[in-house]
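Colleague: Dropping the structure in here first, questions after.
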Amino acid sequence: MQAFVETVFDAFYLSTVVFLGIQMVRKCKGERQFYLFGIMALVLGFGDAFHLVPRVIALNTTGLEDYTFALGLGKAITSVTMTLFYVLLYYVWRERYEVRGRKEVTLMVWLLSALRIGLSLFPQNEWFSKMPPLSWGIYRNIPFALLGLVVILLFYRSAREKEDRNFRHLWVTIVLSFGFYIPVVLFADQIPLIGMLMIPKTCAYIWTVLIGYEAMKKEAGRRKEIPYIYEGL
């Protein structure tokens, strides 16, 4: 039953975010915020695929224990791509609310991202071990959680100040994703059932992507077409 449920859910999740990402890249009509949002969705989908596809294969064949290397590699890659997801989301914020300057915030975002990725590359993470150390799971997720907090606060404040109805719930989706993710990091090894929280966490990310896609459908084309490449990225 677990194999069937996870296979169906993961296939739905990956196909949904990749499809929406492609649609945003193709149909953003030159609006950089939605182009970046589309790239962000693709990074999310393809990045998570490195972990979820081996997991689905393992569940439907000989079991997770026989795919330790593939699952560990997938988790390591996802650790990096999820960080890039939030960096891109930060630049979506800058584009949407026409933010200029704020170099200190940009520096904070990049420092936290570099620290997260750097910690993820340490061999002490033991990605290919059947029982990787909890301590390093906590270390690498501290800057990640701080990065998420920065993005939450930015979208919360800006959406309220600008009365941005289309993005008013985006900060909520990030809060939910971290709210479901942190207990998994801390307790899933001791209480495997807690790993089920990854399902609502994934749903929160689908909601994030849907917010961008729905906003694009309502808003794309209202502004003058501009080049895709963002010089400040």
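The values are calculated or read from the model by the stated rules, or taken from the named source; none is laboratory data. Everything numeric here is computed off the predicted structure, so don't read it as measured data. Here the Cβ is made from the backbone with ideal geometry for all residues, glycine too, and neighbour counts use every protein chain on show. Accessible surface areas use protein heavy atoms only, side chains included; no ligands, DNA or RNA. Shrake-Rupley method; radii C 1.70, N 1.55, O 1.52, S 1.80 Å.
Colleague: Multiply the residue separation of LYS103 and MET196 by 0.36 nm, subtract the distance between their alpha-carbon atoms, and state the gained length in nm to one decimal.
Modeller: 29.6 nm
Colleague: Per 0.36 nm of contour for each residue apart, how much would the distance between ALA76 and LYS130 grow if the chain were fully extended, relative to their Cα-Cα spacing?
Modeller: Stretched fully, the ALA76-LYS130 segment lengthens by 18.0 nm.
Colleague: Something else about it: Which aspartates and glutamates have a Cα less than 17 Å from the Cα of LYS29, not counting those fewer than 8 places away in the same chain?
Modeller: Partners found: GLU95, GLU214, GLU219, GLU225.
Colleague: Say each of LEU210 and SER15 gets a label point 7 Å from the Cα, pointing the same way as Cα to Cβ; how far apart are those two points in nm?
Modeller: It works out to 1.7 nm between the two label points.
Colleague: Let me ask another. Helix 134-161: angle to the longest alpha-carbon principal axis of the chain, degrees 0 to 90, nearest 10?
Modeller: On a 0 to 90 degree scale, this one is about 20.
Colleague: Express the relative contact order of the chain as a whole percentage, based on alpha carbon pairs under 8 Å and six or more residues apart in sequence.
Modeller: 24
Colleague: Further question: Place the peptides 131-139, 188-196, 174-182 in order of packing, highest mean first, counting for every residue the other Cβ atoms within 10 Å and averaging per peptide.
Modeller: 174-182, 131-139, 188-196
Colleague: Moving to a separate point now. Do any of LYS27/LYS217; LYS27/LYS218; LYS103/LYS162 go past 19 Å between their Cα atoms, and which?
Modeller: Checking Cα-Cα distances, LYS103/LYS162 exceed 19 Å.
Colleague: Per residue of segment 20-30, what does 6.51 cos²θ - 1.76 cosθ + 1.60 with θ = phi - 60° give for ³J(HN,Hα)? Whole Hz please, x for Gly and Pro, Karplus curve as stated.
Modeller: Listing the rounded values in order: 5, x, 4, 4, 5, 5, 6, 10, 6, 6, x Hz.
Colleague: Here are some values of Rg/Rh (Cα atoms, Kirkwood Rh): (i) 0.98; (ii) 1.18; (iii) 1.03. Which one was computed from this structure?
Modeller: (i)
Colleague: Which lysines, on any chain, are close to LYS130 with Cα under 25 Å apart, when same-chain ones fewer than 8 places away are left out?
Modeller: LYS75, LYS201
Colleague: So, with a 1.4 angstrom probe, what is the percent of accessible area on the chain that is carbon and sulfur?
Modeller: Answer for the chain: carbon and sulfur cover 67 percent of the accessible area.
Colleague: Hey, for a label at LYS218 modelled as a point 7 Å past Cα toward Cβ, could you say which residues of segment 143-169 have their backbone N under 11 Å away?
Modeller: Within reach of a label on LYS218: 164-169.
Colleague: Still on this structure, please answer the following. Just to verify a number: FRET efficiency for HIS169 and THR7, C-beta to C-beta distance, R0 = 35 Å, to 0.05?
Modeller: Efficiency for this residue pair is about 0.75.
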